[in-house]
Amino acid sequence: LGLCVSRASASVLNLNCCLVLLPMCRVLLAFLRGSQKVASRKTRRLLDKSKTFHVTCGVTICIFSVLHVAAHLVNALNFSENYNEDFLSLNAANYRGEDPRKLLFATVPGLTGVIMVLVLFLMCTASTYAIRVSNYDIFWYTHNLFFVFYMLLMLHVSGGVLKYQTNLEEHPPGCFNPNKTLRENVTVPKAFEETFPDYTTEPFPEDLSIPFVQNNFMRICSEEPKFQSHFPETWFWISGPLCLYCVERLYRYIRSNKPVTITAVISHPSNVLEVRMMKDDFKARPGQYVTLHCPRVSALESHPFTLTMCPTDTKATFGVHLKVVGDWTERFRDLLLLHSNQDTEILPIFQQRRYPKLYVDGPFGSPFEESLNYEVSLCVAGGIGVTPFASILNTLLDGWKCYKLRRLYFIWVCRDIESFRWFADLLCMLHNKLWQENRPDYINIQLYLSQTDGIQKIIGEKYQALNSRLLIGRPRWKLLLDEIAKCNRRKTIGVFCCGPSNISKILHKLSNSSNSYGTRFEYNKESFS
């Protein structure tokens, strides 16, 4: 039973160790999303589940690893207690009663298995939400132990503990071996004397020889059984995805090995920093994200940030907004604003040496690329979660007629009034542009201030268009979606959310519920992989 369970669980582990790497091939996912290879929007939306798929494979690996380890503990005990000298090649133990701990710690399969369990335990525990939020560094460094895990896995399966018989034709199961019978002085049935005259034996009792001949099911062994270790099937399973992942990492390293030119660093209210950059041959689509790596902040860490400004045919500048909430962002901000007490710092090119070297990897795909492919889209942002929509708004500012999108509902919820100033200028410019082009109904802007002591407004005369759309309190989501469904009967509306999990859960539930207007809501959520 132990061998059966260990083999079955090993097959499940092979499959999941193969699949768990595929969602991490970000360049491949971005290519599939942006190319015509995947024409169906429903199929492209499955790519948004890459992180969920990765986590599911990881949890499955943990569960079946426990089952695999438990089965092999039973196997080690059985090998020791049931040692048989007739089948020396099948015994993992060297003698009867051998300490099972020797099989676990003094053999290649046993020792590599123990180390892999420890590595998997570290990766699993450090991947919990509490660890990732409190100390992302621990998650980052332990998760990169996956390479050690895969190297140990390749050694683990090369031990050859489990074997199969290579001469089934010459020695079928349950066959009769006359050579062995003579050596052990065991008599042969009389029915075999004529067939095998060379064997001089005394016959078995007559009643035992009859069934052998009449039923004709006795087969003769021509040689002793021979056993050979299985070829490691794990290599077939993981070699392809592992090579694909390594090739992609090499490509990403080559692509991002040249530092970007930082053209502007802007400090916004509520601890938000904007970084504008330039890089040769950098192209991106609205809604995508990049990872930033600053060696002076951390030699190995890189963090994802959504592009808030994409390069176009007329300008090569792209940018990100990042909220200073952790050790990495704090150190990064201090390096960028080390010599400046200004809220805004835009320097000429010849002074750029003051900035630390910054490397950009990407861009990578995200669900928000689909927001321009719906006729009607609902974009909901919570706080700094507005960043994915900023690049979309910037793109619409450059020109909206070339896209399928014909109506955009933009809802932004913030705790303090100052947060709206991050993109207040962008919203006002887009609003004015659409009014000038006689399409004021193209975008419906609603700003919600969730915490306030009284009536407030965004300071500045130029923000009057936004002050009229500023509401106090939280959105009444069901009424809001019912109103949108009523105004867009029998249409498919893309729902895009980036913000707190409670807002996301509510929108997800409401999007899946039916309405009386025949309107269908398709829910999409930001999820960095």
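Mind checking the dipole of the range 369-528: about its Cα centre, +1 per Lys or Arg Cβ, -1 per Asp or Glu Cβ, Debye to the nearest 20?
Dipole about the Cα centre, nearest 20: 580 debye.
Over the range 369-528, with the other protein chains present, what is the accessible area per residue in square angstrom, probe 1.4 angstrom?
On a per-residue basis, the range 369-528 sits at 48 Å².
Please report the relative contact order for the range 369-528, taking Cα pairs under 8 Å with a sequence separation of at least 6, and give it as a percent rounded to a whole number.
Once divided by the residue count of the range 369-528, the mean separation gives 26 percent.
For a quick check: with amide H placed at 1.01 Å from N, whose amide H comes under 5 Å from T492's, ignoring anything fewer than 5 positions away on the same chain?
R520
Which peptide among 363-376, 112-125 comes first, and what is the full order, when sorted by highest mean count of other Cβ atoms within 10 Å?
Per-residue Cβ counts within 10 Å, averaged per peptide and sorted highest first, yield 363-376, 112-125.
Per-residue HN-Hα couplings for the range 114-121, Karplus 6.51 cos²θ - 1.76 cosθ + 1.60 at θ = phi - 60°, whole Hz, x for Gly and Pro?
With the stated coefficients, the range 114-121 comes to 5, 5, 4, 4, 5, 4, 5, 5 Hz.
List, in the order given, every pair from K478/K509; K279/K357; K404/K486 whose Cα-Cα distance in the structure shown is over 18 Å.
The answer is K404/K486.
Which of the listed residues, W422, G399, N502, is farthest toward the dipole's positive end in the range 369-528, when Lys, Arg count +1 and Asp, Glu count -1 at the beta-carbon?
Toward the positive end, the furthest listed residue is N502.
Mind giving me the nanometre distance, one decimal, between the label points for A465 and C402, set 7 Å out from Cα along Cα→Cβ?
2.2 nm
For the peptides 502-511, 129-138, 305-314, what is the packing order when you average, over each peptide's residues, the other Cβ atoms within 10 Å and list the highest mean first?
Result, highest mean first: 305-314, 502-511, 129-138.
For q = 0.10, 0.16 Å⁻¹, what log10 I(q)/I(0) does the range 369-528 give under the Debye formula with an equal point scatterer on each alpha carbon and no solvent?
With no solvent term, the Cα-only Debye profile gives -0.34, -0.92.
Can you compute the modelled spin-label distance between M429 and S158, with each label point 7 Å from Cα toward Cβ, in nm?
That separation, rounded to one decimal, is 5.9 nm.
Going by Cα centres, the range 237-263 and the range 308-340 are how many Å apart?
23 Å
I need the phi-derived Karplus couplings for the range 399-404: 6.51 cos²θ - 1.76 cosθ + 1.60, θ = phi - 60°, integer Hz, Gly and Pro marked x.
x, 10, 6, 7, 9, 5
According to a simple spin-label model (label point 7 Å from Cα along Cα-to-Cβ), what is the distance in nm between E375 and L338?
5.6 nm
The values are calculated or read from the model by the stated rules, or taken from the named source; none is laboratory data. Just so it is clear, the structure is predicted and the values come from calculations on it, not from any experiment. Note that we place each Cβ from the backbone using ideal geometry, even for glycine, and neighbour counts take in every protein chain shown. Note: accessible area is taken over every heavy atom of the protein model, side chains too, but ligands, DNA and RNA are not part of it. Shrake-Rupley method; radii C 1.70, N 1.55, O 1.52, S 1.80 Å.
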